[in-house]
1. Enumerate the strands (runs of 3 or more DSSP E) found wholly within the range B:196-281, keeping only those where 2 or more residues are touching a Pro at 6+ places or on another chain (Cβ under 7 Å) and modelled with pLDDT of 95 or more.
2. Could you tell me which of the residues A:Ser33, A:Ser10 is more than 20 Å from B:Val270 (Cβ to Cβ), outside the structural domain of A:Phe142 (by TED's automatic domain parsing) and not in a strand (DSSP E or B)?
3. Only one residue in B:Phe53, B:Phe30 is within 11 Å of chain A (Cβ to nearest Cβ), surrounded by 22 or more Cβ atoms within 10 Å (Cβ to Cβ) and out of contact with any Ser or Thr (no Cβ under 7 Å at 6 or more places or on another chain). Which one?
4. Being at the interface with chain B (Cβ under 7 Å from one of its Cβ atoms) and part of a loop (DSSP other than H, G, I, E, B) is the filter here, so list the residues in the range A:235-249 that pass it.
5. Can you name the number of the only condition in (1) surrounded by fewer than 19 Cβ atoms within 10 Å (Cβ to Cβ); (2) within 14 Å of chain A (Cβ to nearest Cβ); (3) modelled with pLDDT of 95 or more that B:Asn64 fails?
6. With respect to A:Ile40, determine if the residue is farther than 23 Å from B:Val270 by Cβ, touching a residue at least 40 places away in the same chain (Cβ under 8 Å), outside any loop (DSSP other than H, G, I, E, B) and in contact with a Leu (Cβ under 9 Å, 6 or more places away or on another chain).
7. Of all residues in the range A:42-61, which are of a type in the set (D, E, K, R) and surrounded by 19 or more Cβ atoms within 10 Å (Cβ to Cβ)?
Amino acid sequence: MKKAWMTIISQTNIARNIYEMTLEGELVDLMSSPGQFVHIRVTEGFETLLRRPISISSIDKENRQCKITYRAEGKGTILLAMKQPGDKLDVLGPLGNGFTVEELHRGDHALIVGGGIGVPPLLELTKQLNRRGVRTTHVLGFQSKEDVFYKNEFAYFGDTYVATVDGTYGTEGFVTNVLEEIQPPFTTLFACGPTPMLGALENLYPDKNVYLSLEERMGCGIGACFACVCHLQNDPQGYSYKKVCTDGPVFRAGEVVL
Amino acid sequence: MSCLSIKLPGLDLKNPIMPASGCFGFGREFAKLYDLNVLGAIMIKATTAEPRFGNPTPRVAETNAGMLNAIGLQNPGLEKVMSEELPFLADYNVPIIANVAGSLIEDYVKVAKEISAAPNVHALELNISCPNVKTGGIAFGTDPAVAFEVTKAVKEVSKVPVYVKLSPNVANISEIALAIERAGADGLTMINTLLGMRIDLKTGRPILANGTGGLSGPAIKPVAIRMIHEVSQKVSIPIIGMGGVQSAEDVLEYLFAGASAVAVGTANFVDPFVCPTIIEELPYKMHELGFEHISECIGRSWKQHAKIAYSRA
């Protein structure tokens, strides 16, 4: 992990309030595991004091570039969306423990499930799994048709299903509706998205190999502030904890209380 | 002798900069980023007799030029701090200031007695000002008589000098400071966070699960400066100042106000390298203003000027 300046190469609005930004800099040399994130200072002043944790959606080591994908919703991410190509960003990263792709091999089948702004880190994941010869099936959930993004990017790597809550695109309902319908066979499930979705997946596949990437409000991103702690399952005393930023954001299902 | 060195009760500081309690854990995360030996001292996370998980999340909320936190004194408890955290820090040549917290006076006494015996703990910081716990904490720091009592009890058992951390959430901070000085405290640290709240417009409820939280960051610096300016003229024990310090200029402002050393808190969350950066820049900023040694800056805003710094610049 390092703190360095990265240059914005491009910024594109790819769905309603969803932006994809390409960054270039030496920090990319340190990126490898899908599911890690960067912690960005969006302004040098105090308008927003804390950094913003943003998922890495694609790593291109050869060109020292990476893509980050975020939803412009709060003050910080709206400021980020106003940045222009050529602007420099103060970036801390890569942070967190991502998905382990090493335990899957040629012939294995990975089920990848994403919800909303949890979808981006799964794109680099499927890229790396497919590079290893792993077969991937993707199920993506969004609110509505205008919120759908990366459908084609995922479809390039394997079967891709989309659910929207209002039914304006793909299956009506949640990712779990799709999963009940298609009942895909899989060796390992990887998921990132809102906590209720992660909880539903944990309950749906209690005996499977499941990895969940959590979202949580963060302060420092390096494990010092104790803002993003969660309880452990099977901890009667309740003193044990994991920090989403440094112990996660990816956890094995059943490890932490969702 | 370095132009930044300062001697305070129990503390032989190579420079006046230290990370503030609760903003640096027990140093492990930062030890991966830089050599902790550059720091003047380290104020470790508050330690209670028993382990504490702290408050439910969300525990932080950003504010204009600051942040609210309601962590709730999460820590592994006295036993683990003694057996795991302090030995880890003993590998560094940095004096440790152990922040001591509790719900009852007996808790403070128990933790103070044991933790002050650790070889690398050179001073205690008595946390009678945490706004995020239901019992203890701030309740001890807002009443001069109670503050006197807990300070005196801890002084009786502590093997190292005792600094007491003041709450800004009081009507008359000097009254509390003087009571603590009378009780035998060796120094003061100030200020802890200001009690605050933010409300989510979507849910209509406070953002923090705890409801209220402690405000820190640049937003509170003027409050801290005013309080240190006032208290440093009333007491004769030294003050370690804190509240929104981000830069070497901020450090000098604190020293001018009357602090003898300065702790950096929230800024560690924004830039984990902020302490070494400030330590590097401080001599230049100080020389620019015409001072040769950091001690010349202390209380400059109110002391009778024996010589005018600018004429020497």
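1. Correct list: B:261-264.
2. Testing whether each residue is more than 20 Å from B:Val270 (Cβ to Cβ), outside the structural domain of A:Phe142 (by TED's automatic domain parsing) and not in a strand (DSSP E or B) leaves just A:Ser33.
3. B:Phe30
4. A:Gly238, A:Tyr239, listed by residue number.
5. (3)
6. Against the criterion (farther than 23 Å from B:Val270 by Cβ, touching a residue at least 40 places away in the same chain (Cβ under 8 Å), outside any loop (DSSP other than H, G, I, E, B) and in contact with a Leu (Cβ under 9 Å, 6 or more places away or on another chain)), A:Ile40 does not qualify.
7. A:Arg51, A:Arg52
Results for (1) outside the structural domain of A:Ile59 (by TED's automatic domain parsing); (2) under 16 Å from A:Tyr156 (Cα atoms); (3) of a type in the set (Phe, Trp, Tyr), shown as yes or no for each residue.
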position	(1), (2), (3)
A:Leu89	no, no, no
A:Val101	yes, no, no
A:Ile117	yes, no, no
A:Leu123	yes, yes, no
A:Lys127	yes, yes, no
A:Thr136	yes, yes, no
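The values are calculated or read from the model by the stated rules, or taken from the named source; none is laboratory data. Keep in mind that what you see is a predicted model, and the values were worked out from it rather than measured. Quick reminder, even Gly has a Cβ in these numbers, built from the backbone with ideal geometry, and neighbours come from all protein chains shown.
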